[in-house]
Amino acid sequence: MGKKEFIIRRLLQMIITFLIILTGLFFVFRLTLPDPTAALVMEGLSAEAQAMVRARFGLDRPLWQQYFIYLGNFFQGEFGMSFHYRSAIAPIVWEKLLNTLVLMFPAIIISYSIGPLLGVILSWRRGTRVEFGGIVGGLFLRSAPVFWTGMIFIMLFGIWLGVFPTSGMRTLPYEAVGFWDKILTLDFLWHLILPAFTIAIYYVGLPMLIMRNTMLEVMGEDFIELCQAKGLSERAIMYKHAARNALLPVVTQAAITVGLAVGGQVVVEVVFSWPGLGREIIQSVRTSDFPMAQACFMLMAGMVMVMNFFADLLYGYLDPRVVYQKGGK
Amino acid sequence: MAQETSRWKQYKPYIQSMKAPFKAIWADPLGRPGSILFLVILFVAIFAPVLATHDPHEMNERVEGTAASFIEGQWERMRVIGDKPLNATAVVSPGESFAVGREGTILHYDGTAWVEQESPVDTSLLGLDFFSPDFGFAVGEKGVILSYDGTSWEKVESPVEINLNGVALPAEDKGLAVGDDGTILAWDGASWTILDSPATRNLKAISMIGPDFGVIVGDRGTIIHYEDGEFVDPSYRTFMDGTFRRLNAVAISEEGYGFATGERGEILGYDGEDWYNMTSPESRELTGVGLVSPDEAYIVGIRGIVLQYDGESWTRLSLGYHRSFRGLDISEGYGFGVGTDPYINELARPSRDHLFGTTHLGRDIWSQVMYGSRTALMVGIITALIVNIIGVVIGLTSGYFRGRVDNILMRIVDIMYGLPLEPFAIILVLIFRPSLWIIILAIGLLTWRTNARIIRSQVLSLVERPFIKAARVAGASDLRIILVHIAPNVLPLAFLQLAVAIGYAITAEATLSFLGLGPPRLYSWGTILHAARLSGAWRTAWWWIIPPGVFISFTVVSVFLISRSLEVLTNPRLRGGNTRAPGSKKS
């Protein structure tokens, strides 16, 4: 099976998976919450007015019709009406998604540039106290719940030292026209530092430990022996030859992390009151705004799938040894 | 018998492969501290009720001894004068007072400051009275009687072991003490003796004017007059004027008036002949009476109540006191109200009583953290077992049968990989109600995918090995091959996955609980942090947020350490020491 065929297969598979999740979610919601307008209809509303509210949200049609309308709209980028905001969901979630990404990308870039370097050092110092301390430290970074480190950071730097703001993206009140106007300011950067570092510190452990493990595996390969025989310096062997080959799992992990980060750090957004997708989904659950919850969830799931796909592609691109096989055989 | 041995043979590989992981954990320099740490936390979880010092739901109160001074018609600010609640006070002379309280506490006021005096007992003292600055008595629980000689307190022999609630000492050789179950004791200048009592109910207080007249009050409206050595029933102005409420305090004056007061705001007046009901502005418990003149008297009660009498009626003073009064004594326009200070011990810093301090509702954080360990480990272990069983079964089936079964199962795994954990759990909570099972279900549904994949790939490589082929040629059934030949070989890997899954499950549970998706009445480390965040107090109350986070981190680290040592078992390449040379390299 060739590369092209693999990509097409993978892409198709992704779309089917997405559809299954979307369909599952749609019907689970509709069947478990038989009257979604309950959250919407105010007490004492007349039957007529209730029917009007239902019609406005398209809830008066049969279920299968609703489903196809929803499906059709979804792929045109229309996610329906929010019960809470009483307006179209799409512009809201796209903005929230951008807010999330603008927080996650710096964090992931920081952790995935520092983590592998630390990993190389650990494998270099195999068996020493540095390695021992590094492993334990790395495990602690991965074990400390990210919302907790966030709270500690806020307490330390936000409250006691008072050097960083503790919530939001900008100091209120502010005026900004559009997304870039909002984030291309020092004020935004100031707000970004604490949450971004919280996430970066949480994420740094994984690439570090992966890097160490693969480094140890790579160090057992024949070509390292050859490098040693050639009389190359230790440093050159580590960074030029070994690290380059060991980077592979780290890169794919980075792609997967990006995918998960969109939905995975709900807690950080909650702790830092960051107006992102994660905070939105929590709020939508609190206000029983299920079209919104659905849209947020599907965006997150979509992100995970796309990034998993990219991880697979990257793997094949970076490691020519990978042979595309038909799954399972 | 032969059947038995063959069955034993079947189990043998399991037992052998069960032992190997434990050995590996113990042999590993990181696995050993990890497993010790995990055992410690397991111990904490099992013995949580014993280790918890408080009920985690209880709103803890703090009590302190407080006093408010009354000088020349003016009430002054209430001050904390000791760390024990105070029950009674007596004025010796203007400028000198005593107060007694719980655990034998005796405080002396010399006109400038309250100083604690050495006490010969540690039972609670409930009443005291002085004849002169050089002679007085204090009485208390279990019949304790102390005498004061002007410098120190000494225990006096007591004829009873019943709680004594009040004492009056109108002369050097004449005194009465009253207590529970109608007990009345008399002092004749040398010793205390029991008097024949007309009452069987608990007597709470006594007030005397001179050696020949006194009033005793007690439970269910008991009032007894003491007149010239006799106990007589008092007369009431009308039949209705008696009360069935407990009377806590009484004070009568030589000028022919007096008051008694008790529970539910009860106030009785005395005009020198009869007792009569008075209109009370208060409906809560009143605990002390102090007289200044026929036109001025005070009553104190719980929660800082102070009532003033102006010769006709009682009115409530708002002095800004919040703390409960238990006793009042005023003499020659000078006196003290003393009492306790029960208030919710909110956001207390760590102390010996509350090792991790308290929450904004006065709940003990140490106990919450102890109970939280149960939730964490329970969710962690149950979920990890579920995840692992699903993962192993699907991995074995998929890897062994391959083909169509494998294809379907792995596509399901692919779908599962599209679901992000936290949002998925959030959606589940939206559909159902928050509970522990939702959390277990959410984590369980979304983490078996990794286990299944890993086990499957291991099985795929095992199936190609000669011994499996040999077994197949020998005619072993699929089930037998899976259970006897393959399963024992994937056990170490399953063990590794179990440890990893416990770590993830504990983190996930903490995360979901932190988001408020956990059951509301159950403590977990996540819910503690959730409550801290909701209260807003976490920004300064470091003792509230540090402990749960540290416990989460250490628990998760311990299982990660264990899993790392198991990783060495399943991936021999990670084995070895300081050699960077590929000496041990083999496949």
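Details
- Some residue of segment B:16-36 being at pLDDT below 75 and either exposed (fewer than 14 other Cβ atoms within 10 Å of the Cβ) or under 22 Å from B:S367 (Cβ atoms) (or both): yes
- Spans of strands (runs of 3 or more DSSP E) in segment B:107-204 with at least 3 residues within 23 Å of B:R326 (Cβ to Cβ) and over 32 Å from the mean Cα position of the chain (by Cα): B:125-132, B:135-140, B:145-148, B:164-171, B:174-179
- Residue, farthest from the other protein chains (Cβ to nearest Cβ), within segment A:269-290, restricted to residues that are buried (at least 21 other Cβ atoms within 10 Å of the Cβ) and over 19 Å from B:H530 (Cα atoms): A:G276
- Within segment B:545-559, the set of residues being facing chain A (nearest Cβ under 7 Å) and among the polar types (S, T, N, Q) comprises B:S553 only.
- Boolean, B:L566 is more than 10 Å from chain A (Cβ to nearest Cβ) and aliphatic (A, V, I, L, M): yes
- Residue match in segment A:206-217 (condition: away from chain B (no Cβ under 11 Å), within 30 Å of A:F74 (Cα to Cα) and under 17 Å from the mean Cα position of the chain (by Cα)): no
- From the options B:Y226, B:Y236, residue that is within 47 Å of the chain's Cα centre (by Cα), assigned by TED's automatic domain parsing to the domain that holds B:I330 and either crowded, with 21+ Cβ neighbours inside 10 Å or not aliphatic (A, V, I, L, M) (or both): B:Y226
- Among all residues of segment A:286-301, there is none that is β-branched (V, I, T), at pLDDT below 85 and either under 27 Å from B:I412 (Cα atoms) or part of a helix (DSSP H, G or I) (or both).
- Yes/no for B:L479 being of a type in the set (A, V, I, L, M), under 56 Å from the mean Cα position of the chain (by Cα), surrounded by fewer than 16 Cβ atoms within 10 Å (Cβ to Cβ) and assigned by TED's automatic domain parsing to the domain that holds B:M378: yes
- Single match in B:G320, B:G362 (criterion: outside the structural domain of B:G65 (by TED's automatic domain parsing), at positive phi and at pLDDT below 85): B:G362
- Residues (surrounded by 14 or more Cβ atoms within 10 Å (Cβ to Cβ) and assigned to a helix (DSSP H, G or I)) located in segment A:47-70: A:Q50, A:A51, A:V53, A:R54, A:Q66, A:Y67, A:I69, A:Y70
- Here A:I89 meets the list (1) aliphatic (A, V, I, L, M); (2) surrounded by fewer than 17 Cβ atoms within 10 Å (Cβ to Cβ); (3) over 25 Å from B:V559 (Cβ atoms) almost entirely, failing just condition (2).
- Qualifying position, being modelled with pLDDT of 85 or more, among the aliphatic types (A, V, I, L, M) and under 16 Å from A:V267 (Cβ atoms), among A:I114, A:I152: A:I152
- Within segment B:406-420, if we keep just the residues that are touching a residue at least 40 places away in the same chain (Cβ under 8 Å) and at the interface with another protein chain (Cβ under 7 Å from one of its Cβ atoms), the residue that is surrounded by the most Cβ atoms within 10 Å (Cβ to Cβ) turns out to be B:D406.
- A:A200 within 14 Å of A:S113 (Cα to Cα) and surrounded by fewer than 23 Cβ atoms within 10 Å (Cβ to Cβ): yes
- Screening A:M169 against (1) touching a Lys or Arg at 6+ places or on another chain (Cβ under 9 Å); (2) within 12 Å of chain B (Cβ to nearest Cβ); (3) within 27 Å of A:K182 (Cβ to Cβ) leaves a single unmet condition, (2).
- Some residue of segment B:364-380 being hydroxyl-bearing (S, T, Y), within 30 Å of B:A494 (Cβ to Cβ) and either out of contact with any helix residue (DSSP H, G or I) (no Cβ under 8 Å at 6 or more places or on another chain) or not in a loop (DSSP other than H, G, I, E, B) (or both): yes
- Qualifying residues in segment A:131-151 (those that are touching a helix residue (DSSP H, G or I) at 6+ places or on another chain (Cβ under 7 Å) and over 16 Å from B:S558 (Cβ atoms)) - the one nearest to the other protein chains (Cβ to nearest Cβ): A:W148
- The single residue among A:I16, A:I8, A:I20 that is more than 14 Å from chain B (Cβ to nearest Cβ) and at pLDDT 85 or above turns out to be A:I8.
- So A:R126, is it at pLDDT below 85, at the interface with another protein chain (Cβ under 8 Å from one of its Cβ atoms) and within 24 Å of B:R32 (Cα to Cα): yes
Rundown of residues vs (1) modelled with pLDDT of 85 or more; (2) over 30 Å from B:V568 (Cα atoms), yes/no style:
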position	(1), (2)
A:P173	no, yes
A:F179	no, yes
A:K182	no, yes
A:D187	no, yes
A:P195	yes, yes
A:T198	yes, yes
A:L206	yes, no
A:Y239	no, no
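The values are calculated or read from the model by the stated rules, or taken from the named source; none is laboratory data. It should be emphasised that the depicted structure is a prediction, and the values quoted were computed from it without experimental measurement. Don't worry about glycine lacking a Cβ; one is built from the backbone with ideal geometry, like all the others, and counts go over all protein chains shown.
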